[in-house]
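Read the structure below first, then the notes.
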Amino acid sequence: MNKIQLSVAMCTYNGATFLEEQLNSIATQTRLPDELIVCDDASTDETCQILEKFAQRAPFAVEIHRNRQSLQVTKNFEKALHLCKGDILFLCDQDDLWRSDKVEKMVGVFEANPNAQVVYSDAELINERAELIGQRQWDILRLYPTQLKQWKSGLATDLMLGGNRVTGCMVAVRKQFVEKLMPFPTAISGCIHDGWIGFVGSVLDVIQLCEEPLTMYRQHENQQIGIRTNEDVEPVSLKQRFSRPQAEKVAPIREKHEQLMALYQETKTVVPHNHPNLLKIARKLQFLEMRGHLPDQRLFRIMPVLKHLTNGNYHHYADQDANWMGGFLTALGDFME
């Protein structure tokens, strides 16, 4: 039986500040990868010099590919993953740190779960000085024990319909699977490479969770992509809800519908059309379509709102932290505002 070949796909761009620390954490793994493939996105600092110096002493093969023009993050990762020759590919940012047993642990999960195409682990957040700041990435993404239980019971798509829960630098993926997802779409607002891998993986139910924090996910001012949350959304007061124009209210709903529709259309190109999880996406699209195009006259809103309230959609798509009244209040808001 041939040994599983392991590749690390790293993307860099002006990452000289923290790059050497990340490279060293890969070079000191308890199970070393067979190769490191780096795609540099036209850096103008010392990133490539650091990479070349590391390649001379690395305990595995290192390939450095320099883009003449910037591809941006999604297409750069697509290129790096495509160039990898391994059976299992580890996505890697330029500024994090890997726990010394990350590769060994994640490969072990693949070996214990032959049907898994993606393994996704938790991470500890660190600051610029590599100090723990007391937060886990899954907590930031609101993957709490209840949600982890739901994910393991086959409800990963339901969770992903509430927002992306997958962070790329904590992912390992089988080569044969990720190749089927290429070319990565770039026209879906708010969805980059990790969101695409995570969404399709959830629809096909092929993501295996590893609950250990195997990455130290660095937070700093110059990172290309940091933590994505909804914390910066300004709350709408009760007075504003009943005084603002309806068009202002429905604008974000229509935007969500447009984004999900684009993701749905792309997903159907790689997922069998009879897959039951596609119906879950279609159901939410119908719900968003209804909410985004309610009649101006309140009297004519009663039936569509009541229909989606009685069939459970208002509660099913309520925020996971909302109480039992959340669905009723959203329905009331759709009728009254």
**Request:** Could you pull out every one of the helices (runs of 4 or more DSSP H) wholly within the range 265-337 that has 1 or more residues that are among the β-branched types (Val, Ile, Thr), at pLDDT 95 or above and over 29 Å from the mean Cα position of the chain (by Cα)?
**Result:** 302-310
**Prompt:** Does residue 87 qualify as being touching a Ser or Thr at 6+ places or on another chain (Cβ under 6 Å), surrounded by fewer than 21 Cβ atoms within 10 Å (Cβ to Cβ), at negative phi and in the same structural domain as residue 23 (by TED's automatic domain parsing)?
**Reply:** no
**Asked** Just checking, how many residues over the range 22-35 are more than 12 Å from residue 93 (Cβ to Cβ) and touching a residue at least 40 places away in the same chain (Cβ under 8 Å)?
**Response** 8
**Fill in**
The condition from (1) surrounded by fewer than 16 Cβ atoms within 10 Å (Cβ to Cβ); (2) over 29 Å from residue 132 (Cα atoms) that residue 64 misses is numbered (1)
**Request:** Output yes when any residue across the range 115-134 is β-branched (Val, Ile, Thr), within 19 Å of the chain's Cα centre (by Cα), modelled with pLDDT of 95 or more and not in a strand (DSSP E or B), and no when none is.
**Result:** no
**Complete:** When the range 106-133 is checked residue by residue, the ones that are touching a strand residue (DSSP E or B) at 6+ places or on another chain (Cβ under 8 Å), over 19 Å from residue 6 (Cβ atoms) and not β-branched (Val, Ile, Thr) are 122, 123, 124, 125, 127, 128, 130, 132
**Message:** Six or more apart or on different chains, Cβ atoms under 6 Å: show the pairs whose first residue is in the range 76-88 and among the aromatic types (Phe, Trp, Tyr) and whose second is part of a helix (DSSP H, G or I) and modelled with pLDDT under 95.
**Reply:** none
**Fill in**
For residue 182, the lone unmet condition from (1) modelled with pLDDT of 95 or more; (2) in a loop (DSSP other than H, G, I, E, B); (3) farther than 21 Å from residue 155 by Cβ; (4) not assigned by TED's automatic domain parsing to the domain that holds residue 75 is (4)
**Message:** Just the residues that are without any contact (Cβ under 8 Å) to a residue 24 or more places away in the chain and either of a type in the set (S, T, N, Q) or part of a loop (DSSP other than H, G, I, E, B) (or both), please, taken from the range 153-173.
**Reply:** 153
**Item:** Filter result for residue 94 (among the polar types (S, T, N, Q) and either touching a Lys or Arg at 6+ places or on another chain (Cβ under 6 Å) or at pLDDT below 95 (or both))
**Value:** no
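The values are calculated or read from the model by the stated rules, or taken from the named source; none is laboratory data. Quick caveat, the model's predicted, so the values are computed rather than measured. Neighbour counts run over all protein chains shown; Cβ positions are idealised from the backbone, glycine included.
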